[in-house]
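So the structure is just underneath, and the comments pick up after that.
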Amino acid sequence: MMNEKVLAEFNNQIKEEMFSAHLYRSMAAWFESLNLRGYAKWMRVQAGEEDAHAAKFFDFIIERGGRVALQQINQPPHSWNSPLEAFGAGQGHEEHITRRINFLVDLARAEKDNAAENFLQWFVAEQVEEEANAAEIVGKLRMIGNSAGGLLVLDHHLGKRGEKD
């Protein structure tokens with residue numbers, strides 16, 4: 001059986017991951033409205049990854065004999081002033097999720113829940129990748145500035161996410 005404190009925070013993390021998926025879908029919809037389908041595809045793929053993260057927590061709780069308690073998800077923003085602002089918001093959100101994962105690791109250690117701590121190590125590594133991906137795109141968008149050509153080239157590049165090389 002799961003430690004009650006860890007269980008409660010894992011249920012909170014499901015909500016966080018589901019919000020992440022909603023946020024990225026909202027960003028995808030906004031990019032679609034601008035006819036930037038490559039950016040939108042990147043965000044849709046990201047939303048799918050966040051759904052998978054929520055499912056990992058969901059399944060872990062069940063596997064450990066805990067009870068999943070789904071919580072209300074807040075409405076995400078639905079527009080941004082620029083692609084840079086949208087990806088910057090995504091980067092900030094990933095930093096928030098990293099802080100949450102680190103908190104969960106610390107909690108699992110404090111509660112001596114070795115299985116939970118071991119489970120969370122995948123997320124620790126995943127967040128390094130998530131933050132690096134967001135930072136790379138934000139950096140490129142800063143270089144591009146207001147260049148329509150640059151935005152379109154990046155749109156084309158981002159639209160290839162998930163394709164086999």
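Applying the condition of being out of contact with any helix residue (DSSP H, G or I) (no Cβ under 9 Å at 6 or more places or on another chain) and part of a loop (DSSP other than H, G, I, E, B) to segment 106-146 and asking which residue is modelled with the highest pLDDT yields Lys112. Filtering segment 123-146 to residues that are farther than 15 Å from Gly90 by Cα and loosely packed, with under 12 Cβ neighbours inside 10 Å leaves Ala125, Met143, Gly145, Asn146. If you filter segment 24-40 down to residues that are in contact with an Asp or Glu (Cβ under 8 Å, 6 or more places away or on another chain) and in a helix (DSSP H, G or I), you find that the one that is farthest from Glu131 (Cα to Cα) is Arg37. Across segment 121-165, the qualifying residues are those that are within 18 Å of the chain's Cα centre (by Cα) and among the acidic types (Asp, Glu), and the one among them that is nearest to Phe60 (Cα to Cα) is Glu126. For the subset of segment 1-51 comprising residues that are among the polar types (S, T, N, Q) and under 11 Å from the mean Cα position of the chain (by Cα), which member is surrounded by the most Cβ atoms within 10 Å (Cβ to Cβ)? Filtering segment 1-51 for residues that are among the polar types (S, T, N, Q) and under 11 Å from the mean Cα position of the chain (by Cα), the one surrounded by the most Cβ atoms within 10 Å (Cβ to Cβ) comes out as Ser20.
Yes/no per residue for (1) among the charged types (D, E, K, R); (2) under 30 Å from Leu151 (Cβ atoms); (3) touching a His at 6+ places or on another chain (Cβ under 9 Å):
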{"residue": "Ser20", "(1), (2), (3)": "no, yes, yes"}
{"residue": "Arg44", "(1), (2), (3)": "yes, yes, no"}
{"residue": "Ala52", "(1), (2), (3)": "no, yes, no"}
{"residue": "Glu63", "(1), (2), (3)": "yes, no, no"}
{"residue": "Phe87", "(1), (2), (3)": "no, yes, no"}
{"residue": "Arg99", "(1), (2), (3)": "yes, no, no"}
{"residue": "Glu111", "(1), (2), (3)": "yes, no, no"}
{"residue": "Asn114", "(1), (2), (3)": "no, no, no"}
{"residue": "Glu117", "(1), (2), (3)": "yes, no, no"}
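Confirm whether Phe19 is part of a helix (DSSP H, G or I), closer than 23 Å to Glu126 by Cβ and modelled with pLDDT of 95 or more.
Taking the combined requirement at face value, the residue satisfies it.
The values are calculated or read from the model by the stated rules, or taken from the named source; none is laboratory data. Please read these numbers as outputs of a predicted model, since none were measured by experiment. Neighbour counts run over all protein chains shown; Cβ positions are idealised from the backbone, glycine included.
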